[in-house]
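The values are calculated or read from the model by the stated rules, or taken from the named source; none is laboratory data. Not measured: the values here are computed from a predicted model. The area values use the complete protein model at the heavy-atom level, side chains included, leaving out ligands, DNA and RNA. Shrake-Rupley method; radii C 1.70, N 1.55, O 1.52, S 1.80 Å.
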Amino acid sequence: MTVTPLHQDRAVDADLFRALLRRHAAAVVVITAPGEPPAGFTATSFTSVSLDPPLVSFCLAKTASAWPAVESASTIAVHVLTLEQEHVARTFATRGIDRFAAHGTWRPGPDGVPLLDGVLARIVCRVTQRVEAGDHTIVLAAPELGEHHEDTTVTPLVYHDGTYAHLQRSA
């Protein structure tokens, strides 16, 4: 294991911070928000926060093209991607394109939030709070509707060490 000392101010420098985070594996989701046009982006910052009451969170840079829609949205949808949906993750991570036109298949859900089909799980949430956090905002949301893939052998798409991967199930 490589040990890197902390700086005098006890803050990890940006390069070390990126290297450390690359070691963390995370599920890949696409988060969508209604708007004109609607917004969607690929994220690995999605997590559960609380079971009682049910809360989830994700982070988004204030400079992201999706931020204006997310900032004003009262409803968002989280789509957990399957291993076969790497192309969806790449589409919603691409800058400067109409992501929904490039993706093709989606439908409007509650409050006009875009819903993607064929995902491992989908959670429609009501935004409850936005918390400023450095150059990002943490969005807290309460799940209101959800559905998941019927086939329990379908695995999620994962992001680790700068690349998309999948989980290997043990026997």
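Largest accessible area first, the listed residues Asp161, Asp52 line up as Asp52, Asp161 when surface is computed with a 1.4 Å probe on the assembled protein chains. Every helix of 4 or more DSSP H residues in the chain counts as -39500 (n - 2.57), and over all residues that averages to -4000 deg cm²/dmol at 222 nm. Let me know the whole percent of all Cα-Cα pairs from the chain that are separated by more than 22 Å. Taking all Cα-Cα pairs of the chain, the fraction more than 22 Å apart is 47 percent. The stretch 21-66 and the stretch 78-150 have Cα centres spaced 8 Å apart. Among the protein heavy atoms of the stretch 31-171, carbon and sulfur supply 53% of the accessible surface, probe 1.4 Å, non-protein parts ignored. Per residue, the solvent-accessible area of the stretch 22-61 (1.4 Å probe, heavy atoms of protein chains only, all protein chains present) comes to 50 Å². In this structure, the amide hydrogen of Leu55, modeled 1.01 Å from its nitrogen in the peptide plane, lies closer than 5 angstrom to those of Val49, Ser50, counting only residues at least 5 positions away or on a different chain. Scanning residues 5 or more positions from Leu145 or on other chains, those with amide H under 5 Å from its amide H are Val124, with H placed 1.01 Å from N in the peptide plane.
Within the listed set Ala27, Ala19, Ala66, the Gaussian network model of the chain (springs between alpha-carbon atoms below 10 Å) gives the highest mean-square fluctuation for Ala19. With θ taken as phi - 60° and the Karplus curve 6.51 cos²θ - 1.76 cosθ + 1.60 applied, the whole-hertz 3J(HN,Hα) list for the stretch 71-86 is 4, 9, 6, 9, 10, 10, 10, 10, 10, 7, 8, 8, 3, 6, 10, 4 Hz, x standing for glycine and proline.
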